[in-house]
Every structure is written in C-alpha cells, then in structure tokens.
Amino acid sequence: MSELTDNDIIIQGTTTSGRTFRPSDWAERLSGSLSTFGEDHRMNYSPYVRPMTINGIKCVIVDRALQQAQPATYSFLMGFAQANDLNIIDPANPTT
C-alpha cells in the first residue's frame, strides 16, 4: 500500500453529513477512469490519482501536482467531490 505524502489531497467516500458514498467501488472506478494499460497489459493507475482505504473508508488520493500537470483533470476530480458532497481533506489548506 502506498503511503500518504504532504502533497496528497484526500477525497473521502463519506458525505459531509456522514453518509457512505455509493457504489462501494466508486474510488476504484474513478481512479480507473484515469488509468492506462502498460506494455505488460496490466492497468496502471495515474501517478497523480489512486484509490486507497483509510480507516475503513474508501478514498481517492490526488497528488497536488496534478493541478499543474493536468488542470482540467484536477478540476474534474474536485468538481466530482463537491457535486457529490464528499469530504475533501487538504492538509495544506484546512478550510477545504
């Protein structure tokens, strides 16, 4: 399992009212939509976006560098989280 870094933004699979977001595989689906297939014919998650379970909660981890590298993709992910009322944890910006 990958470790979190100071550069990571966490989109949690819980809403701001505490409900669990569905479907249960949402994090894998969202991360998978940004993945590629390598020469070994295996799916490779983007280096900027990956699913992770933290304390039993499905999450998508977004590397802050995505905002500079692919602004439209970053905007899509943050818009998805906001549209679905998901908790966003951004250690660099605690008001998010």
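Bear in mind that the values in this text are calculations on the coordinates, not laboratory data. Computed from a prediction, not measured in an experiment: that's the story for all the values here. Please note: Cβ atoms are built from the backbone with ideal geometry, for glycine as well, and neighbour counts cover all protein chains shown.
Here are a few things to note about the model shown:
- Efficiency of FRET from Cβ geometry, Phe76 and Ser17, R₀ 25 Å, rounded to 0.05: 0.60
- Once the mean of 1/r is taken over each pair of separate Cα atoms and inverted, the chain shows a Kirkwood hydrodynamic radius of 13.7 Å.
- Taking N as its residue count, the alpha carbon Rg of segment 1-43 over 2.2 N^0.38 Å: 1.49
- Of the trypsin sites (Lys or Arg not before Pro) found in segment 1-62, the ones in coil according to DSSP and having at most 11 other Cβ atoms within 10 Å of their Cβ are Arg19, Arg42.
- Most positive-pole-ward Cα, Tyr45, Phe76, Asn7, against dipole of the chain from beta carbon charges: Phe76
- You can think of it this way: the chain between Glu28 and Thr5 has 6.3 nm of extra reach, that is 0.36 nm per residue less the Cα-Cα gap.
- If the chain linking Ala65 and Met43 were pulled fully straight, counting 0.36 nm for each residue of separation and taking away their Cα-Cα distance, it would gain 5.8 nm.
- If only the Cβ of Lys and Arg carry +1 and only the Cβ of Asp and Glu carry -1, the dipole of the chain around its Cα centre is close to 320 debye.
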